[in-house]
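Down below is the structure, laid out as structure tokens.
The values are calculated or read from the model by the stated rules, or taken from the named source; none is laboratory data. Keep in mind it's a predicted model, so treat the numbers as computed, not measured. In this analysis, Cβ positions are derived from the backbone assuming ideal geometry, glycine residues included, and neighbour counts consider all displayed protein chains.
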DNA sequence: TTAGGGTTAG
């Protein structure tokens, strides 16, 4: 290496590969270029790209008095490669070295704060942005919108956005995505409409977020419109967009269409495959889920990861495929060297428990306990569900009490305990639990159901009387239930909370939000399947009622609950009552 | 004598 440019060439040739970089570095030192600031800067960014963060630090420390260029380079690289702690620490060092940050510095640092959801640090950086005079930089502002969104502070995110004098497509995207990620799907869709009205052309990032928002609320008409738009405008169906579409169709009840999108995708990755596997799983098609997983392995598809295994295992759990599930769990560790996390353990307990292997499920938890892993309440919640399902009340009560100690604020555990006491014929204990809930002001989560009819969404809550056609809906529901009773339907009263009197109990059951939504859907449409989205799990009584309603109305009823799908047709449900 | 940013899926 006789010249500086030859040395530079050598570094570039080494690329983001640690060994090669170290060799070049050694060579630089030997040939007298070891102190060149420019060469070291290039070396540092490449070391960071190689994810050799310790070596990056070492190189950085070897440079006396780093200049603004070096600081910006290392801050940008660490931020981009997701070393947020390093990024923030270089930023602090920059400040203490009296080197002035620029708008470029801030975008990177803010992104790292967003990655960490580090609200306090980010607010400090935001202040610094303002006093440094970069408060109106479009890039910095877009980064701030994302930052506040990722910290869950949508008010602040909106405030930054609203104050932007010049909004960019990316800034709009940041807001739409932020709202969607924070569960504010309706608002995300409204902002999307405002974006278009303001003359901004949505791009693929916009659509990915909009599709996710549609998937959340079940807004299939807007979702399908987006798909049409993508096809008509010849937009590239990239992996993220394709995956968002698979998720949309799956969560709106149309697995076939989800598969159609999957087959159309030119490029797929592990996320796309996982989305498709998960689609089969949540609809109860366990075999298809496992088959697709096998195909992924056989056809040299992408390497499955932890999320994929959650999808496969939960598919097995919901379809009663215990043997397959055990095999998959084994392969996860033995063939792929993945370490099962709490979510995988929960799938296993759920799978074994649902299938009636209560003892094995219990042993599974205790085995984890022995290795110090069983503190997760979710494991006991799954076990508790199995106890209730298989009427093992003694164990159920023991577990529910344990859960209440672990999570006293969770009303679900109290409700479960009270339900199990009621089922096992212990009314005194029921009132005791109920009183405790009242005393501690614990209320059951409010359930609601959404249905889309003619491109419009309607939300129902229990005993809802806010709709224009309330009278008609209730009358129609009464008629339906009468006809159901004629062919054998009997209300399942244990499903409601045991804090209402017997007479009220049937009233509450009769006007559950999902029943109102189904009645409304049947009333307003002809000859088509209706799809209802519920925020909680469907209750046992509604589940039974919908089987009968599918007969008397001669319609398919699809219900998406918190966990999975139920397709009711000709008197039975796709979950085979296994849920 | 070395570069360049903010948004998106399971």
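Scanning segment A:95-127 for residues that are within 12 Å of DNA strand B (Cβ to nearest atom) and either touching a strand residue (DSSP E or B) at 6+ places or on another chain (Cβ under 6 Å) or outside any helix (DSSP H, G or I) (or both) yields A:99, A:100, A:101, A:102.
Every condition in (1) within 11 Å of DNA strand B (Cβ to nearest atom); (2) surrounded by fewer than 21 Cβ atoms within 10 Å (Cβ to Cβ); (3) within 36 Å of the chain's Cα centre (by Cα); (4) in a helix (DSSP H, G or I) holds for residue A:92 except the one numbered (1).
Residue count for segment A:402-421 under the criterion of being surrounded by fewer than 20 Cβ atoms within 10 Å (Cβ to Cβ) and farther than 23 Å from residue A:357 by Cβ: the result is 9. Among the residues making up segment A:61-89, a single one is under 14 Å from residue A:42 (Cα atoms), more than 10 Å from DNA strand B (Cβ to nearest atom) and not in a loop (DSSP other than H, G, I, E, B): A:78.
When every residue of segment A:167-183 is checked against the conditions, at least one turns out to be over 27 Å from residue A:70 (Cβ atoms), surrounded by fewer than 16 Cβ atoms within 10 Å (Cβ to Cβ), at pLDDT below 95 and more than 9 Å from DNA strand B (Cβ to nearest atom). As for segment A:449-457, it holds no residue that is in contact with a strand residue (DSSP E or B) (Cβ under 7 Å, 6 or more places away or on another chain) and not in a strand (DSSP E or B).
Among the criteria (1) at negative phi; (2) modelled with pLDDT under 95; (3) more than 12 Å from DNA strand B (Cβ to nearest atom), the one residue A:253 does not fulfil is (1). Looking at this structure, is residue A:140 surrounded by fewer than 19 Cβ atoms within 10 Å (Cβ to Cβ), in contact (Cβ under 8 Å) with a residue 12 or more places away in the chain and closer than 19 Å to residue A:205 by Cα? When the stated conditions are applied, residue A:140 does not pass them. Exactly one residue out of A:201, A:186 is more than 8 Å from DNA strand B (Cβ to nearest atom), outside the structural domain of residue A:560 (by TED's automatic domain parsing), assigned to a loop (DSSP other than H, G, I, E, B) and at pLDDT below 95, and it is A:201. What do you reckon, is residue A:10 within 13 Å of DNA strand B (Cβ to nearest atom), touching a helix residue (DSSP H, G or I) at 6+ places or on another chain (Cβ under 6 Å) and either free of Cβ contacts under 8 Å to residues at least 12 places away in the same chain or part of a helix (DSSP H, G or I) (or both)? Yes, satisfied.
Note on segment A:14-42: among residues that are more than 17 Å from residue A:4 (Cβ to Cβ) and not in a helix (DSSP H, G or I), the one that is farthest from DNA strand B (Cβ to nearest atom) is A:17. With respect to (1) within 26 Å of residue A:531 (Cα to Cα); (2) touching a helix residue (DSSP H, G or I) at 6+ places or on another chain (Cβ under 6 Å); (3) near DNA strand B (Cβ under 10 Å from one of its atoms), the lone exception for residue A:284 is condition (3).
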